[in-house]
Structure formats: C-alpha cells, structure tokens
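Just dropping this structure here.
The values are calculated or read from the model by the stated rules, or taken from the named source; none is laboratory data. Quick caveat: nothing in here was measured; it's all calculated off a predicted structure. Cβ placement follows ideal geometry from the backbone for every residue including glycine, while neighbour counts extend to all protein chains displayed.
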Amino acid sequence: MKNIRIWIVLILILIAGTGFTRYTSRYVSIHQSETTREAAGSVSEELSTQTETTELTTVSSYLTRLEDLDQEIERMRNREKETTAGYAAVKVRTENEWRLWQAEMDRVLDVLEKQLDVETRETLFQEQRDWVRDRESKAIAAATKQSGAALEEVEYNRSLGAETRARVYELVRHYENILQ
C-alpha cells in the first residue's frame, strides 16, 4: 500500500512539473516575441516617419535611408543579444528584418515604375521576377541546410532578408541616374 501511494505522489509531481515547465516556456517565448515585435515595429514606424518628413529625391537620400535601416536592424540584433532571446524571438526578428527590406524594395520599385520609360520598366520587372525566383531558391537551399532543425525557418527568413537587402542596394545604385 505504501508503494502505491509513493508512486501516485511521484506521478502527480511529474505531471505538475511538466505542466509548469510548459507554461513557463510558453510565457517566456511569448514575452520574447512581443519584445522583438515591439522593437521591429518601432524601427518601421521611425523609418516611415523619416520618409514622410523627408522626400527621397536623390540617390544619397536613398542610400542614407538604407544605411539608417541597417543601423536600426543592428541595434535590434544587439538588444536581442542583451536579452536571452529564444528561438521564437530570433524567428520574429529575422522575419521582421526581411519585411523591412521588402518594404524598402517596394518603395524603390514604385519610384522606378513611375519614372522609367515603358521598355526599361518591362525589362526591370522581368529582371525582378527572375530575381524573386532566384531569391526563393537560395532561401530554400539555406533552409534545407538546417533541415529538421528548429532553425530551418530562421535560416529561410535570414536568407530572404539578406538577398532582399542586397537587391535594394543594387537597384538604387543601378538606377541612380533615374533616382536623381
């Protein structure tokens, strides 16, 4: 009879411990995700405000904006390093970085679409479609290196962000005579 009671107590302790561990890990990951989202949101809001107050009319203003975005993303990464960011926070951060660069690329493409002649615009958008396919292939290749690991999605987003960042700089430099 004593042995059964001991086993029942041990099982109850294990159940309670498992429940507490799950609750704690969910709470921590949600808190870290919210912190990272708030930081990314503040970066996006700050950059939007800069755009509204400063018209992007020269290549140097585009490049300055891109460099500012690089610095803000680096600050986000440093804040993340200061806290013990878990997988969820890293995932959210890499996705936010990619989205910020995508928004910048969309902004540059909108300006180019308005200012390019029809033939050049068609060429640019065909190049862009090819580039998107290539970017996706590279992201999938990067993610498959982590296949089955928790970081697979992080690598996918990181690759998308790096490729998109490079493309934005490439577009601004390639079409600098039109962005003047």
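Are there any pairs with C-beta distances below 6 angstrom linking a residue in region 61-74 that is farther than 23 Å from V92 by Cα to a residue that is part of a helix (DSSP H, G or I) and modelled with pLDDT under 90, with the two at least 6 apart or on different chains, and if so which?
none
Tell me the residue from E113, E95, E104, E80 that is touching a residue at least 40 places away in the same chain (Cβ under 8 Å), closer than 19 Å to R173 by Cβ and among the charged types (D, E, K, R), please. So that I can check it myself, show each step before the final result.
Numbers: E113 fails: touching a residue at least 40 places away in the same chain (Cβ under 8 Å); E95 fails: closer than 19 Å to R173 by Cβ; E80 fails: closer than 19 Å to R173 by Cβ.
E104 is the lone residue from the list that is touching a residue at least 40 places away in the same chain (Cβ under 8 Å), closer than 19 Å to R173 by Cβ and among the charged types (D, E, K, R).
Quick grid of which residues meet (1) basic (K, R); (2) closer than 15 Å to Y62 by Cα; (3) under 15 Å from the mean Cα position of the chain (by Cα):
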{"residue": "K138", "(1), (2), (3)": "yes, no, no"}
{"residue": "T144", "(1), (2), (3)": "no, no, no"}
{"residue": "S147", "(1), (2), (3)": "no, no, no"}
{"residue": "A150", "(1), (2), (3)": "no, no, no"}
{"residue": "E153", "(1), (2), (3)": "no, no, yes"}
{"residue": "L160", "(1), (2), (3)": "no, no, yes"}
{"residue": "E163", "(1), (2), (3)": "no, no, yes"}
{"residue": "A166", "(1), (2), (3)": "no, yes, yes"}
{"residue": "L171", "(1), (2), (3)": "no, yes, no"}
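Which one is farthest from R167 (Cα to Cα), of the residues in region 73-97 that are surrounded by fewer than 19 Cβ atoms within 10 Å (Cβ to Cβ) and modelled with pLDDT of 85 or more?
Checking each candidate, the answer is R75.
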